[in-house]
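The values are calculated or read from the model by the stated rules, or taken from the named source; none is laboratory data. Please read these numbers as outputs of a predicted model, since none were measured by experiment. Every residue, glycine among them, receives a Cβ derived from its backbone with ideal geometry; neighbour counts consider all protein chains shown.
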Amino acid sequence: MTEQTSHAKPGLRVIVALSAVLVLYSYVGALWLNRHGYSPASLVTIRDWVNKPSGISDDFGVLGVSLLLMTAGFVVARGTPLRRMLTATLPALAVTAVVTAVAQLLGGEPFLGLGWPVAIAVPATALAFATRRLPPVAGLSIHLAVSGTLMFVGLHAPALLHEAGLLAGFAQLFVLGEMLWYVRAERLKPWAGSLVAVAAFAILLLTEHRYAEWYGFWYPVTALFALLLFLLALPSGQIAGESALVRWLSSRAIWLIGAGCALGWTILGLSHEHLPLVVSGAAAVLATGLAAEAGHRYVERPLAGAR
């Protein structure tokens, strides 16, 4: 979802760039502060005036991940070659895993923020490739049936299968991304796409009502905001999507999130007791940006055959 977005329409770049900012704000900003006893007035104000009234939970983190999952579904449905997708994601994930392991050995506290989105995107992508030769309505129906069944099976199942049922609820974002591409490519009638969206949100609502872990977070509302943002940004991001900042953020999104969780989180954890929080935060942000740039330039681009 990084290298291919550099060749994507500007609107898609805006979506990926926005998702990276939202996830980093939530994971490396708000969540870290919460877990370590900090409640800045600015953070509280945003929660009281934006998150709570709108129903967007988890300090925009789930909203950002939802946009990424929709982008993944959109890109896969578009027919992006598997090799390009792998070179755009696997290096970042592998380096993040190594940095996380090293940080733990050194006594750091990395955050496994990419774990659950990857656990959704990988099987969803595999299922999309397995059903690629089917008509879109058939493939999407299979996706909905599989995720819906898994959601119901996981209700009273052992821990691992129960977690899979929880994740199956979020898999609807991937399906919505696929549906949007098929409709825009005129391979699926708008009315059929609407039915797919209704079915996807039905599974989201059932997950919210059946799983106690979702209670009070209003994840279907967050998913609705993600869908609306996607629909707005995709056709209208022509100017913003061509800006240097958006291009940089979108092409390095996975690297930024991975570096933020593995490196930025660790730096904050190791330094906040010895340095002012502002200094620790600035160091974490700088390290995250430099690591993302290095990973994209010296790992991802050579593997993709780019200069």
If I filter the stretch 220-242 down to residues being of a type in the set (G, A, S) and modelled with pLDDT of 90 or more, which single residue comes out as surrounded by the most Cβ atoms within 10 Å (Cβ to Cβ)?
A226
Against the conditions (1) of a type in the set (K, R); (2) crowded, with 21+ Cβ neighbours inside 10 Å; (3) within 30 Å of M151 (Cβ to Cβ), where does R187 fall short? Just the number, please.
(2)
Filter the stretch 96-130 down to the residues that are surrounded by fewer than 20 Cβ atoms within 10 Å (Cβ to Cβ) and β-branched (V, I, T) and list them by number.
V98, V102, V118, V122, T125
Of the residues in the stretch 4-25 that are hydroxyl-bearing (S, T, Y) and surrounded by fewer than 23 Cβ atoms within 10 Å (Cβ to Cβ), the one that is modelled with the highest pLDDT is Y25
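Do we have R252 as touching a residue at least 12 places away in the same chain (Cβ under 8 Å), under 30 Å from A145 (Cα atoms), of a type in the set (K, R) and surrounded by 15 or more Cβ atoms within 10 Å (Cβ to Cβ) here? Even if it seems obvious, please write down each step before you answer.
Details: touching a residue at least 12 places away in the same chain (Cβ under 8 Å): yes; under 30 Å from A145 (Cα atoms): no; of a type in the set (K, R): yes; surrounded by 15 or more Cβ atoms within 10 Å (Cβ to Cβ): yes.
Against the criterion (touching a residue at least 12 places away in the same chain (Cβ under 8 Å), under 30 Å from A145 (Cα atoms), of a type in the set (K, R) and surrounded by 15 or more Cβ atoms within 10 Å (Cβ to Cβ)), R252 does not qualify.
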As an exercise: evaluate W265 against (1) aromatic (F, W, Y); (2) over 22 Å from the mean Cα position of the chain (by Cα); (3) surrounded by 12 or more Cβ atoms within 10 Å (Cβ to Cβ) and give the number of the one condition it does not meet.
(2)
The stretch 107-140: number of residues that are hydrophobic (A, V, I, L, M, F, W, C) and touching a residue at least 60 places away in the same chain (Cβ under 8 Å):
3
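Taking the options A199, A192, name whichever one is without any contact (Cβ under 8 Å) to a residue 60 or more places away in the chain, over 19 Å from the mean Cα position of the chain (by Cα) and closer than 18 Å to A124 by Cα.
On the way: A192 fails: closer than 18 Å to A124 by Cα.
Among A199, A192, only A199 is without any contact (Cβ under 8 Å) to a residue 60 or more places away in the chain, over 19 Å from the mean Cα position of the chain (by Cα) and closer than 18 Å to A124 by Cα.
Checking the condition modelled with pLDDT of 95 or more, of a type outside the set (A, V, I, L, M) and either touching a Phe, Trp or Tyr at 6+ places or on another chain (Cβ under 6 Å) or surrounded by fewer than 20 Cβ atoms within 10 Å (Cβ to Cβ) (or both), which residue from F217, F201 passes?
Working: F217 fails: modelled with pLDDT of 95 or more.
Answer to the check: F201.
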Against the definition (in a helix (DSSP H, G or I) and more than 30 Å from G108 (Cα to Cα)), how does I267 come out, yes or no?
no
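Which of the following residues is out of contact with any His (no Cβ under 7 Å at 6 or more places or on another chain) and closer than 30 Å to E186 by Cα: L90, L67? Full working, then the answer.
Working: L90 fails: closer than 30 Å to E186 by Cα.
From the options L90, L67, the qualifying one is L67.
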Look at F74 and say whether it is aromatic (F, W, Y), crowded, with 23+ Cβ neighbours inside 10 Å and modelled with pLDDT under 95.
no
For the stretch 270-307: of the residues being modelled with pLDDT under 90 and in a loop (DSSP other than H, G, I, E, B), which is surrounded by the most Cβ atoms within 10 Å (Cβ to Cβ)?
H272
Quick check, is A138 more than 14 Å from E178 (Cβ to Cβ) and assigned to a helix (DSSP H, G or I)?
no
I'm told G79 meets every condition in (1) of a type in the set (G, A, S); (2) more than 24 Å from G260 (Cβ to Cβ); (3) in a helix (DSSP H, G or I) except one. Can you identify the failing condition by its number?
(3)
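If you go through the stretch 36-65, how many residues are within 22 Å of the chain's Cα centre (by Cα), farther than 30 Å from L270 by Cα and assigned to a helix (DSSP H, G or I)? If you could, list the steps in order and put the result at the bottom.
Of the residues in the stretch 36-65, the ones within 22 Å of the chain's Cα centre (by Cα) are 43, 46-47, 50-52, 54-65.
Narrowing the set further to residues that are farther than 30 Å from L270 by Cα leaves 50, 52, 54-56.
Right, trim to assigned to a helix (DSSP H, G or I) and you get 50, 52, 54.
Counting residues in the stretch 36-65 that are within 22 Å of the chain's Cα centre (by Cα), farther than 30 Å from L270 by Cα and assigned to a helix (DSSP H, G or I) gives 3.
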Condition check: more than 30 Å from T288 (Cα to Cα) and crowded, with 19+ Cβ neighbours inside 10 Å. Does E178 satisfy that?
yes
